[in-house]
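Enquirer: This is the structure, below, for whatever I ask next.
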Amino acid sequence: MSTPGDARDPLFERELARKLEAQERLDDADATYLYTRARLEDLERWATEGRARFHAPARATYLIMRIINYTNVCVAKCDYCSFYRLPKSPEGYVLPRAQIFEKIDEILALGGDFVGFNGGHNPRLRLPWYEETFAAIRERYGDTVEFYAMTVAEMMYVAKLCKVSYAEACARLKAAGVRWITGGGAEILTNEFRARHSPLKYTADDYMIAQRAILDAGLKSTATMVIGFDETVAERVEHLRRVRALQDETGGGLFSFLSWTYKPYGNELGGQELRPEDYLRHLAVSRLYLDNVRHVRTSVLTQNQNALRGLRFGADDFDIPLEDEVTQMAGATINRDIDQVLAQARAEGFEPVFRRVARERAPAPARAPVRLPLA
Ligand code: SF4
């Protein structure tokens with residue numbers, strides 16, 4: 001994609017500044033300008049002002065969480081993925097339930113209350129497997145743990161595999177105790193991007209239908225995006241436009257918007273990592289364009305310390321993740337030193353405040369906190 005630094009356009013920029021001042025909605029040309037021509041220092045200032053419309057200026061919230069990658073078996077074969085194994089691979093796995101419980105116990109012992117499930121499109125795992133797994137988690141932990149049950153993309157696959165509608169799949173998952181189906185697996189939501197890199201997964205149009213079904217079923221959801229593949233600026237803007245339109249249509253059904261960056265190692269697509277400043281630029285554009293999404297989240301998982309700098313570019317919330325095999329296999333490094341991550345947020349001028357997700361507080365662990373092995 002083109003890089004910023006092209007000649008600025010004073011007239012365009014004056015009108016853009018007026019719109020921002022008047023809190024008018026930005027259009028696609030504005031977003032394109034911000035991606036390609038605005039100065040980083042202007043983006044920082046504008047995004048900080050945009051953030052202040054929603055959040056206290058010197059405060060940021062965070063979660064302690066882990067992703068539980070319950071299976072790496074997948075038939076979607078996305079070319080940007082370093083994680084999946086085909087069904088007959090000897091390296092394929094499905095986590096036994098006891099191991100899932102162990103991972104949840106560890107996060108509770110570390111003071112977290114939240115896990116996200118993310119796995120491949122495994123043809124051996126049908127809807128009852130998910131219903132039973134999530135019901136067992138609710139039964140064991142009640143409201144002391146909250147979880148993102150699966151991503152939109154996984155729900156779509158399982159619904160198709162079991163030949164049920166998205167609405168029926170969502171209703172059954174909800175009856176099993178699911179409250180969230182997160183907007184993961186979105187990467188770049190254009191039909192062209194899907195056709196180039198993951199034609200077997202879904203089309204962007206179908207993804208939007210599925211996410212609408214999730215919200216219609218009374219489940220909660222989020223929006224996500226991954227940047228740094230070969231997507232064009234126009235494709236990034238289309239993705240943002242789809243999110244904003246769904247948010248308008250559903251009256252604010254999406255809790256948050258999280259972007260992370262593509263890691264190019266160990267997969268078919270390869271390529272280069274995105275420059276840190278391009279991530280900051282993207283956060284700022286997201287904050288300014290998505291005027292109907294309250295939370296813009298920054299990705300410590302893929303951006304490490306730069307993610308905390310993102311709090312100055314419009315983000316207001318971050319995860320401290322302890323595990324995510326999908327991005328770790330593609331080159332992400334995880335910092336499990338929670339105090340150090342919090343100190344990095346403070347060094348950027350923000351007081352980090354723990355965001356509780358579960359409805360009830362878990363009892364204090366009976367044993368010493370678990371020390372997770374280094375990656
Ligand atoms: S990104 Fe997800 S759907 Fe695509 S191949 Fe990897 S595990 Fe499968």
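Enquirer: Glu187 accessible area, nearest 10 Å², 1.4 Å probe?
Expert: Counting only protein heavy atoms, the figure is 20 Å².
Enquirer: Once the dipole of the chain is set up with Lys and Arg at +1 and Asp and Glu at -1 on Cβ about the Cα centre, which of Gln340, Gly112, Ala213 lies farthest towards its positive end?
Expert: Sorting the options by dipole projection puts first Gly112.
Enquirer: Which one of Asn306, Tyr157, Gly349 has its Cα pushed farthest toward the positive end of the charge dipole of the chain, where Lys and Arg give +1 and Asp and Glu give -1 at the Cβ?
Expert: Of the options given, the answer is Tyr157.
Enquirer: Cβ under 10 Å from Val296's Cβ, Val296 left aside: what net charge do those residues give with Lys, Arg +1 and Asp, Glu -1?
Expert: +2
Enquirer: While we're on this one: Can you compute the charge dipole magnitude of the chain about its Cα centre, using +1 on each Lys and Arg Cβ and -1 on each Asp and Glu Cβ, nothing else charged? Give it in debye, rounded to the nearest 20.
Expert: Computed about the Cα centre, the dipole is about 820 debye.
Enquirer: Let me ask another. Applying a 10 Å radius around every beta-carbon, put 287-298, 157-168, 237-248, 88-99 in order of their mean neighbour count, most first.
Expert: Highest to lowest by the protection proxy: 287-298, 237-248, 157-168, 88-99.
Enquirer: What's the FRET efficiency of Arg346 with Phe54 using the Cβ-Cβ distance as r and R₀ = 22 Å, to the nearest 0.05?
Expert: Efficiency, from the Cβ-Cβ distance: 0.60.
Enquirer: Sticking with this structure for a sec: Whole-Hz Karplus ³J(HN,Hα) for the range 275-283, in order, using 6.51 cos²θ - 1.76 cosθ + 1.60 and θ = phi - 60°, x for Gly and Pro?
Expert: Whole-Hz 3J(HN,Hα) from phi for the range 275-283: 5, x, 5, 5, 5, 4, 4, 5, 4.
Enquirer: Near Leu173, within a Cβ-to-Cβ distance under 10 Å, what is the net charge of the other residues, with Lys and Arg +1 and Asp and Glu -1?
Expert: Counting the neighbours of Leu173, the net charge comes to +1.
Enquirer: Could you grab the relative contact order for the chain? Cα pairs under 8 Å, six or more apart, rounded to a whole percent.
Expert: Once normalised by length, the contact order is 23 percent.
Enquirer: Here is a follow-up. With each label point set 7 Å from Cα along the Cα-Cβ vector, what nm distance links Arg126 and Lys77?
Expert: Spacing of the two 7 Å Cα→Cβ label points: 2.4 nm.
Enquirer: Here's something else I'd like to know. At a 1.4 Å probe radius, carbon and sulfur cover how many percent of the accessible area of the chain?
Expert: For the chain, the apolar C and S fraction of the accessible surface comes to 52 percent.
Enquirer: Once each part is reduced to its C-alpha centroid, what is the distance from the range 252-318 to the range 1-69 in angstrom?
Expert: Cα centres, the range 252-318 to the range 1-69: 12 Å.
Enquirer: Against the longest principal axis of the chain, how steep is helix 127-141, in degrees 0 to 90 to the nearest 10, with axes from Cα atoms?
Expert: 90
Enquirer: May I ask you to evaluate 6.51 cos²θ - 1.76 cosθ + 1.60, the Karplus curve with θ = phi - 60°, for each residue of the range 306-318 and list the ³J(HN,Hα) values in order in whole Hz, giving x for glycine and proline?
Expert: 4, 4, 6, 4, x, 5, 8, 10, x, 6, 10, 8, 8
Enquirer: Rounded to the nearest 500 deg cm²/dmol, what is the calculated helix-only ellipticity per residue at 222 nm for the chain, with -39500 (n - 2.57) per DSSP H run of length n ≥ 4?
Expert: -12500 deg cm²/dmol
Enquirer: Just to confirm the number: angle between the C-alpha axis of helix 152-161 and the first principal axis of the chain, 0 to 90 degrees, nearest 10?
Expert: 50
Enquirer: In whole Hz, what ³J(HN,Hα) sequence does the range 185-201 give by Karplus (6.51, -1.76, 1.60; θ = phi - 60°), x for Gly and Pro?
Expert: Per-residue couplings from phi come out as x, 8, 6, 10, 8, 9, 5, 5, 4, 4, 5, 6, 10, 8, x, 8, 7 Hz.
Enquirer: Sticking with this one: Compute the long axis of helix 97-109 from its Cα atoms, compare it with the longest principal axis of the Cα atoms of the chain, and write down the angle in degrees, 0 to 90, nearest 10.
Expert: It works out to around 50 degrees.
Enquirer: While we're looking at this one, here's another question. Mind checking which aspartates and glutamates have their C-alpha under 15 Å from Lys163, skipping anything on the same chain fewer than 8 residues away?
Expert: Glu154
Enquirer: Excluding Val341 itself, calculate the net charge of residues whose Cβ lies under 12 Å from the Cβ of Val341, where each Lys or Arg counts +1 and each Asp or Glu counts -1.
Expert: Neighbourhood net charge equals -2.
Enquirer: Let me ask something else. Rounded to whole Å, give me the distance from the Cα center of the range 76-131 to that of the range 156-175.
Expert: Here the two parts' Cα centres lie 18 Å apart.
Enquirer: Suppose all protein chains stay in the model; what accessible area per residue would a 1.4 Å probe give for the range 49-354, in Å²?
Expert: 35
The values are calculated or read from the model by the stated rules, or taken from the named source; none is laboratory data. Note that the structure is predicted; figures quoted are calculated from it, not measured. Don't worry about glycine lacking a Cβ; one is built from the backbone with ideal geometry, like all the others, and counts go over all protein chains shown. Ligands, DNA and RNA are stripped out before the accessible areas are found, and what is left, the full protein with its side chains, is counted by its heavy atoms. Shrake-Rupley method; radii C 1.70, N 1.55, O 1.52, S 1.80 Å.
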